[in-house]
Structures are given as C-alpha cells and as structure tokens.
Amino acid sequence: MRNNQPVTQDEYPITEQMVLVSKTDLHGNIIEVNDAFEAASGFTRDELLGQPHNLVRHPTVPEAVFKDMWFTLKQGSTWSQIVKNRRKDGGYYWVCANVTPIYKNGQITGYMSYRTGVTETQKQAAAQAYEDISRGRLKIRKARLFSGVDWRRLNPFLTWRPEFQLLLFLSVFAVLPTTALTVLANQPIWEALVLAALFLIPPFL
C-alpha cells in the first residue's frame, strides 16, 4: 500500500457546500477533478492529473478499505464509505466518498467519485473502525462493516435475489408432506433436513 508521508494533525474542514468530484481511468489514474477537490487536496490540477488517485491516500486508512473499494467497483457496483484523505502538506480531511463505475457502450471505462463532508461523530466512528479493521476485530465487504464470520461468502444462497430465495423455500416446504413418513421412520434423514434448513436460513441477528 502506498504510504504517503509525512502527516500532520492539521485538518482541512469540508463544509456542507463543498462537493469534491474526481474521475479516474480504469487503472485509478486521475483524469478530471473539480475546484473543490483541488482545494481540499492541496495539490494543483497539474499535479493531480495523470497521477494515481492514491496520491491523497492517508496512511491511517487500512489497506483492506481500498481493496474492498476496488473489489466492489470492478464488480460493477457502487461503493460508499467515510474516508480520511491526506493533503499535500501532510494535513488531512474527512469525507463521505461515493464511488461509481462509468459506463460506455455497456463497458466500464473509468470511475467517478463525489465526496461530501461528515459530522464529528462520523469521523470518530470511522477512526475507531479503522483501528478495529487493522486489529482484525472488524472486516469490510462491499463497504459494509461486520465482525465474525462473513456468512454471505460461506453461503452463496444469501446473495441470491429474494425471489429466487423464496422459490427455493417454497420448493423445500412443498416436498415436506410427501416425505413426512420417511422422515419419521428414518432419523438420519430428519437430521439432514434440519441441517439443511439451518444452512439456508439467513443469520438475521
């Protein structure tokens, strides 16, 4: 991971009126920025254009956050999370980053990001999340934070569209009456059905 140094404790405030916009090519190189992004970054437009977007990456943001961002974007999905960025002088600024693929003729040709300011509470929560991710207490997948097992990776059923999930459940319960006698007469089959049901039910808690 790119480790931009040095850093300072000087914060550049992002006001409610500011919207930071940037566009990159498929490789993450900056091809366009607006005035607000230029001002917040501390770099001039000439210094930004053609450079990797991680030019403004702050070293306190875990590598896992950006890996998740690129994983999500390359799947054609949008990504949104609170991010701390580094300025040219080593200072920093907090934003809610919303990144989306740019399509042309059905193909992804680049990415666009727009960023807005966040509250002090959101900054504190994000800073704590960074620490927890770095220590392995939290994980991030498709911009969502979670602890423990990522059930959606272990069970592909949980990523299916709701109508497909419903169809499968209805199919299972449709055959239960016809197998009732067999279930009662053969305990191992009953155990297998219980295990199957437990595997299919999403972890709502």
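A few comments on the model shown:
- Matching residues in segment 1-36 - criterion: being among the hydroxyl-bearing types (Ser, Thr, Tyr) and either assigned to a loop (DSSP other than H, G, I, E, B) or open to solvent by 60 Å² or more (accessible area, probe 1.4 Å) (or both): THR8, TYR12, THR15
- Here is the figure for segment 75-127: residues that are open to solvent by less than 30 Å² (accessible area, probe 1.4 Å), among the small types (Gly, Ala, Ser) and either under 16 Å from LYS23 (Cβ atoms) or outside any loop (DSSP other than H, G, I, E, B) (or both) total 4.
- Looking only at residues in segment 1-56 that are at pLDDT 95 or above and of a type in the set (Lys, Arg), the one that is farthest from ILE102 (Cα to Cα) is ARG45.
- The set of residues in segment 44-65 being surrounded by fewer than 19 Cβ atoms within 10 Å (Cβ to Cβ) and in a helix (DSSP H, G or I) consists of ARG45, ASP46, GLU47, ASN54, LEU55, GLU63, ALA64.
The values are calculated or read from the model by the stated rules, or taken from the named source; none is laboratory data. Nothing here was measured: the structure is a model prediction, and the numbers come from that model. Cβ coordinates were reconstructed from backbone atoms using ideal geometry, including for glycine residues, and neighbour counts include every protein chain displayed. The accessibility values were calculated without ligands, DNA or RNA, using every heavy atom of the protein model including side chains. Shrake-Rupley method; radii C 1.70, N 1.55, O 1.52, S 1.80 Å.
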